[in-house]
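Inspection log for the structure reproduced underneath, given as structure tokens.
The values are calculated or read from the model by the stated rules, or taken from the named source; none is laboratory data. Here the structure is a predicted model, which means the values were calculated and not measured. Don't worry about glycine lacking a Cβ; one is built from the backbone with ideal geometry, like all the others, and counts go over all protein chains shown. Ligands, DNA and RNA are stripped out before the accessible areas are found, and what is left, the full protein with its side chains, is counted by its heavy atoms. Shrake-Rupley method; radii C 1.70, N 1.55, O 1.52, S 1.80 Å.
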Amino acid sequence: TQHTLIRQSSRSNVRLRPIPNHQLTHYVRSSTLYINPHSHSLQCPNRPHSERDSRKEISDSIYISVEFSSNPVREKQRKMVANQPEKEHPVPAFGLAARDPSGVLSPFNFSRRATGEKDVKFKVMYCGICHSDLHMVKNEWGTSTYPLVPGHEIVGEVTEVGSQVEKFKVGDRHFVVRVPDALPLDAAAPLLCAGITLYSPLRYYGLDKPGIHVGVVGLGGLGHVGVKFAKAMGAKVTVISTSPAKKQEAIERHGADSFLVSRDQEQMQAAMGTLDGIIDTVSAVHPIMPLIGLLKTHGKLVLVGAPEKPLELPVFPLLMGRKIVGGSCIGGMKETQEMLDFAAKHNITADIEVISADYVNTAMERLEKGDVKYRFVIDVAKTLQQG
Ligand code: NAP
């Protein structure tokens, strides 16, 4: 165990450098600053950043006492890697990383282990930008560690397979699922997160049948593919949105049957008790009471959006209508393959704006403002140049 005491005379912009391979079991004494044990950085919100943070009042100067406890196994691994970095991680890699909660992305060189016998290595061709990437680069969920290379809606081509890999060969297109040839790679990329995140709960919660009336809340990256999947499954679909301007596209382009403006009391009142299920994709804190009101008796509200703060759950409307609130998180590999095959059969892709890698910070700002129709996808293969 090692103790470090840092004293700063300034109250602002104090940062601790990340200390690799040590687990931070810390305490912080400061009048205004808190330490985030995940990013090892100091932040100054009005409350501790996570339940593992703590504070004590002190005077003018900022004293930070940090305790590092070593995990023996990790420590051994760390020493091994430190002694032989070129053997442990011999493969050079390149990406765009956020270095702190400003979320600004910049070129980042790092390294990976050699391809193992069960590994598949592939060259990333396209990468969709999900709102989760935005939550993560800005540490809105309090779990980010920096440097952080975001991006998980990735598709590409296999360049190497390990000796025990049987399902894939060099040149295949995938995400370690097979991307059907009928799907263009760029518009298929968002299906790997947005697509499966909507497909899976529609199936699991039984909202995938003709005659079922489904509501999709939030017509963003997730929401717009949700409308397409629900329609292809035979459901009747109502979009519930804060943006009246999206009505025409929701109906004419994505195939929704109807559209409700969630801030329009009259429209919401008229639609009370009409939906069998709702998939809520909203990325920010919002009231769910009106959504529960839209459900029929036994209706299901499924949350897939991940706001940074808890939502308020009114209990009585659930009791009276024996209604259900549930959640869902992306989907497994088997179901992801099933979703892609379904998408290929029904000609479902995301509506995308393809961008170059150097546009990514502007794209993040635009996503934050809801200014995208409906998913940014980075052309990684053609535009991400090693710096
Ligand atoms: P997005 O493209 O930004 O879409 C979110 C939509 O939510 C917006 O287009 C907007 O639609 C609506 N919205 C935004 N702020 C709102 C507010 N204050 N009140 C009401 N509605 C608001 O984001 P996304 O990529 O679809 O992701 C949505 C959320 O799902 C994020 O929190 C993301 O982290 C999460 N997510 C979860 C999973 C999972 O496995 N569960 C997977 C991926 C993403 P309207 O203009 O139509 O109102």
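Taken together, the criteria exclude V227 from residues that are open to solvent by less than 30 Å² (accessible area, probe 1.4 Å), near the ligand (Cβ under 10 Å from one of its atoms), under 23 Å from P307 (Cβ atoms) and not small (G, A, S). Look at V315 and say whether it is more than 9 Å from the ligand (Cβ to nearest atom) and modelled with pLDDT of 95 or more. It is true that V315 is more than 9 Å from the ligand (Cβ to nearest atom) and modelled with pLDDT of 95 or more. At least 1 residues being closer than 16 Å to G215 by Cβ and open to solvent by 30 Å² or more (accessible area, probe 1.4 Å) is the threshold, and among the helices (runs of 4 or more DSSP H) wholly inside the range 234-346 those reaching it are 247-252, 265-270, 289-294, 316-321. When the range 178-208 is filtered for residues that are assigned to a loop (DSSP other than H, G, I, E, B) and either away from the ligand (no atom under 16 Å from the Cβ) or within 11 Å of A343 (Cβ to Cβ) (or both), the ones remaining, listed by number, are V179, P180, D181, A182, L183, P184, G206, D208.
Output yes when any residue across the range 212-221 is hydrophobic (A, V, I, L, M, F, W, C), open to solvent by 10 Å² or more (accessible area, probe 1.4 Å), outside any helix (DSSP H, G or I) and more than 9 Å from the ligand (Cβ to nearest atom), and no when none is. Among the residues of the range 212-221, at least one is hydrophobic (A, V, I, L, M, F, W, C), open to solvent by 10 Å² or more (accessible area, probe 1.4 Å), outside any helix (DSSP H, G or I) and more than 9 Å from the ligand (Cβ to nearest atom), which makes the answer yes. Exactly one residue among K373, K323, K296, K334 is within 11 Å of the ligand (Cβ to nearest atom) and of a type outside the set (G, A, S), and that residue is K373. Residues that are within 16 Å of the ligand (Cβ to nearest atom), of a type in the set (D, E) and open to solvent by 40 Å² or more (accessible area, probe 1.4 Å) within the range 108-161 comprise just one, E140.
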